[in-house]
Amino acid sequence: MHAISPLAPADMSLPPPAPPASGDVLVLADTRTGVERDLVARWVAEQRPVAEVIHRGDRRLPARLAEERDVLIVPVRVTWLPREVDGDRRMRVGDLLALTNPRRPAAYQQRRIAAREPDRVRVTDGEPALASALRLRFRTETAGGDASAFAQFVARQATLACERAERAIIGDRYKVPRLVAEQITASARFQEHVHELAEELDRPFDEVLAYAEQCLQEVAAVQSPLAIDLFNVLMGPMHRRAWTVHVDHESLERLHDLGRRHALIFLPSHRSYVDPLVLADVLSQHDFPRNHLLGGDNLNFWPLGGLGKRSGVIFIRRSFGDDEVYKLAVREYLGHLVSKRFNIEWYIEGGRTRTGKLRPPRFGLLRYIVRAIEEQRADDVMLVPVSIVYDHLHEVGAMAAEQTGAAKQGEGLRWLADYVRAQRENAGNARVSFGEAFSLRTALDEAGEGSAQLEKVAFRICEGINRATPVTAPSLLTFALLGVRDRALTLDQVARVTAPLLEHVRRRGLPGDVSVLEQPEGLRAGLDELVRAGVASAFTGGPEPVWYIDQDHHAVAAFSRNGALHHVMNRAIVELVLVRLASEPIEGDLLEAASENALALRDLLKFEFFFAAKRRFLHELERELELLAPDWRGRVQGRGDVAALLSGSRTLVAHRALRSFLDAQLVVARCLVAHDPREAIDRSAFVAECLGTGRQMLLQGELHGAESVSSELFSGALALAANRDLIDPGRDEVRVAREAFLAEVQEVLGRLVRIGELDAALLEEVLVAGG
């Protein structure tokens, strides 16, 4: 790669030198204009004076490559750069307004740039290769063909070589794939898979091949540096003014090193439409190549669709159904990206969370990556759990309404305009944290063979996201305020209620800095921010201000609280186990009974939260007990001693963390018992029925709060019921099992009520002491 010295306009008209007699070196030039051809000619005269030059598209190329004499092929192109501003060369808003592309200037602009701004132009030479070596690759990697097909293959390889060399100039953030669909369809592997599928479907090969090529063109992202810059410029208003972004820089440096050896698969939590934009900005600022982002085709509308596809977005149909050809196209495309070490990003939850906590993972795309590893298309890939959390999201209110039956607004141009308009005000902080990356191949080996292998890998990803997710000031404050329900607290009372939670965060060494809440001014600022965001309310007409969360905002506040629930889940289960041991006679070994009950609770909650493997889970509970009472082993001798552990605590969390989820399970269990066990259950209609039943139970005071009436929570409870074989029609055994499920949920709810009563007493002591 070489800079071009200034050339006088007269130099531009000089004809290129005649082809050398030796013919040992062939410069394959990718040029568009006479200016570029002259620049290449000048470079060849200086760097490869005995080389022959053929421009891409020249009809002589197939015949030249067919000659018996071997030749070294040197790919060359001209690289044009934007002006440098503050050490950065990216497209600016001014370029967009001027309708110019600084990376692809018109011919009349090229002459001026080369003469007056030589720092903006380079001749880029890619890695050279012998024609014989390329011919061998052509025979092994493609379905073969004549001299013309070989010339097309060489031209594609030349383009790819120039792309790789060009990244040293423009940065890794512009690592973009070229001619992907053409490379895949020309490969022998793809043709063989199409043959197999055509036979399996009993359809003509040409018909299946044509449709497969159409599917590839549909999904393949056609990246370009211009589109990437344009996308950043146009999509910036959707997020850059709304949040101050904080990044885990140390983890990013480790990922840089991994990315030099393996493809990185980024798997973030999904809370907002802007998640991909925030993550893309973070990675671009640290010079990571742009991810290939897999997203639903519901966002494939103008202007997002065309621009997104050209900047790395792979729009996937929301449902593949039984379209085996489309599945083949997606699988081969992802396999190709992995084999070329392009980074990929998707959201393993399959959609935005409506409750604030992680949703159950979807396995389909992960299965395609696993297959690529099994087929040895790559040695390995590194899976990167990513946590993205926001202090506040304006879209939470709409998502909460959807959970109670409101219709979801369809995505489109009007929706996009409304969304951008809503992002004008600052909404606090956004935090991007990277969990520990791990090898997919190693994770598969550790998961073992069997049908649960993929599920174990997916759960490890989700556990990694949770471990990286920080506790934030809004999540801790909403946890505290929802714990006192509709009671309003003064600033001093809020401080007393949050103090034990802050201590728990410190003692557990949880991620996130909430020390600002330890000072009155920081606590006051956090409460005022909740009020400004519409999450909490304040009454200022009395002797001093008081803050509270009214019932209409419980679901919105729960979204913020739920983002950190996984950090208190083990503590909540310890509390439930202790209540059980303190209230019922236990036969046999006390610790054994405690372990059995803890595992039963883990099973009851496994469709809502991600737990460690059983042995590690029990070990984590022991550590949690030691935090609660360091001398618990010597104290736990009987029921009275167990009860003392709870009553001696400064605060209890189980009823605050789990009540809404158990209440949702109660609604589902009741509706299941009310159904004739011999009749099939339509899941969509059943969830709608649960919404109606839940509203009535809430009005009658049988549920603790409005956040329990949620289609997402009902769906999770229904998945648990299906896992226990309570959905499919049957006879008395189904009825009995449903009744047992209802009894189990009611028993655990009884324990939560008891913990709530104990915590209310502790709260009174705290508030009275404060008075």
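Return a yes/no flag: does the range 707-723 have any residue that is over 28 Å from ALA680 (Cα atoms), surrounded by 17 or more Cβ atoms within 10 Å (Cβ to Cβ) and under 37 Å from the mean Cα position of the chain (by Cα).
Yes - at least one qualifying residue is present in the range 707-723.
Take the residues in the range 624-645 that are outside any helix (DSSP H, G or I) and either out of contact with any helix residue (DSSP H, G or I) (no Cβ under 9 Å at 6 or more places or on another chain) or not small (Gly, Ala, Ser) (or both); name whichever of them is modelled with the highest pLDDT.
Once the filter is applied, the top-ranked residue is PRO630.
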**Asked** Between a first residue in the range 511-537 that is touching a residue at least 60 places away in the same chain (Cβ under 8 Å) and within 16 Å of VAL471 (Cα to Cα) and a second residue that is open to solvent by 60 Å² or more (accessible area, probe 1.4 Å) and in a helix (DSSP H, G or I), which pairs have beta carbons less than 8 Å apart while being 6 or more apart in sequence or on different chains?
**Response** PRO511/ARG467
**Request:** Answer yes if at least one residue in the range 291-314 is among the charged types (D, E, K, R), assigned to a helix (DSSP H, G or I), more than 15 Å from ALA220 (Cα to Cα) and in contact (Cβ under 8 Å) with a residue 60 or more places away in the chain, and no otherwise.
**Result:** no
**Prompt:** Residue check: is ALA685 outside any loop (DSSP other than H, G, I, E, B) and in contact (Cβ under 8 Å) with a residue 12 or more places away in the chain?
**Reply:** no
**Request:** Take the range 236-256 and flag every residue that is assigned to a strand (DSSP E or B) and open to solvent by 50 Å² or more (accessible area, probe 1.4 Å).
**Result:** THR244, VAL245, HIS246
**Asked** Within the range 358-394, which residues are surrounded by fewer than 17 Cβ atoms within 10 Å (Cβ to Cβ) and of a type in the set (Asp, Glu)?
**Response** GLU374, GLU375, ASP379, ASP380
**Prompt:** Mind checking which residues of the range 123-147 are small (Gly, Ala, Ser), in contact with a Leu (Cβ under 9 Å, 6 or more places away or on another chain) and under 23 Å from GLU192 (Cα atoms)?
**Reply:** ALA147
**Prompt:** Taking into account only those residues within the range 757-771 that are in a helix (DSSP H, G or I) and open to solvent by 60 Å² or more (accessible area, probe 1.4 Å), which is farthest from ILE727 (Cα to Cα)?
**Reply:** ALA769
**Item:** One residue from ALA443, ALA401, ALA372, ALA406 being within 22 Å of PHE559 (Cβ to Cβ) and not in a loop (DSSP other than H, G, I, E, B)
**Value:** ALA401
**Prompt:** GLU575: buried (at least 22 other Cβ atoms within 10 Å of the Cβ), outside any helix (DSSP H, G or I) and not hydrophobic (A, V, I, L, M, F, W, C), yes or no?
**Reply:** no
**Item:** Candidates ARG615, ARG580 - the one that is in contact (Cβ under 8 Å) with a residue 24 or more places away in the chain, of a type outside the set (Phe, Trp, Tyr), open to solvent by 30 Å² or more (accessible area, probe 1.4 Å) and farther than 20 Å from VAL497 by Cα
**Value:** ARG580
**Scope the range 169-194; condition modelled with pLDDT under 75 and not in a helix (DSSP H, G or I); matching residues** = GLY171, LYS175, VAL176, PRO177, ARG178, LEU179
**Asked** Across the range 60-78, which residue is nearest to ARG37 (Cα to Cα) among those that are in a loop (DSSP other than H, G, I, E, B) and in contact with a strand residue (DSSP E or B) (Cβ under 9 Å, 6 or more places away or on another chain)?
**Response** ARG60
**Message:** Would you confirm, using the coordinates I've provided, whether GLU199 is part of a helix (DSSP H, G or I) and either modelled with pLDDT of 90 or more or under 18 Å from VAL222 (Cα atoms) (or both)?
**Reply:** yes
**Matching residues, the range 413-440, being of a type outside the set (Ser, Thr, Tyr), more than 30 Å from ALA473 (Cβ to Cβ) and surrounded by 17 or more Cβ atoms within 10 Å (Cβ to Cβ)** = LEU416, PHE438, LEU440
**Asked** Is it true that some residue in the range 730-749 is open to solvent by 10 Å² or more (accessible area, probe 1.4 Å) and closer than 26 Å to ASP552 by Cβ?
**Response** yes
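Among the listed residues ARG695, ARG670, ARG754, which satisfies the condition of being assigned to a helix (DSSP H, G or I), under 30 Å from GLN493 (Cα atoms), open to solvent by 70 Å² or more (accessible area, probe 1.4 Å) and of a type in the set (Lys, Arg)?
ARG754
So that you can scan it fast, the table gives a plain yes or no per residue for (1) open to solvent by less than 50 Å² (accessible area, probe 1.4 Å); (2) of a type outside the set (Asp, Glu); (3) modelled with pLDDT of 90 or more:
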{"residue": "ASP125", "(1), (2), (3)": "yes, no, yes"}
{"residue": "ALA131", "(1), (2), (3)": "yes, yes, yes"}
{"residue": "LEU134", "(1), (2), (3)": "yes, yes, yes"}
{"residue": "THR140", "(1), (2), (3)": "no, yes, no"}
{"residue": "ALA143", "(1), (2), (3)": "no, yes, no"}
{"residue": "PHE150", "(1), (2), (3)": "yes, yes, yes"}
**Request:** Identify, by number, the condition in (1) buried (at least 20 other Cβ atoms within 10 Å of the Cβ); (2) within 20 Å of the chain's Cα centre (by Cα) that HIS336 doesn't meet.
**Result:** (2)
**Item:** the range 449-473: number of residues that are over 19 Å from GLY364 (Cα atoms) and part of a loop (DSSP other than H, G, I, E, B)
**Value:** 4
**Request:** Filter the range 491-525 down to residues that are open to solvent by less than 20 Å² (accessible area, probe 1.4 Å) and not in a loop (DSSP other than H, G, I, E, B), then give me how many there are.
**Result:** 10
**Those residues of the range 538-560 which are part of a loop (DSSP other than H, G, I, E, B), in contact (Cβ under 8 Å) with a residue 40 or more places away in the chain and not aliphatic (A, V, I, L, M), in sequence order** = GLU544, PRO545, ASP550
**Complete:** Scanning the range 107-123 for residues that are surrounded by 13 or more Cβ atoms within 10 Å (Cβ to Cβ) and of a type outside the set (D, E, K, R) gives GLN109, GLN110, ILE113, ALA114, ALA115, PRO118, VAL121, VAL123
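The values are calculated or read from the model by the stated rules, or taken from the named source; none is laboratory data. What you see is a predicted model; the values in this text were computed from it and never measured. FYI the Cβ positions are ideal-geometry reconstructions off the backbone, even for glycines, and counts take in every protein chain you see. To get the accessible areas, we keep the full protein, side chains included, count just its heavy atoms, and leave off ligands, DNA and RNA. Shrake-Rupley method; radii C 1.70, N 1.55, O 1.52, S 1.80 Å.
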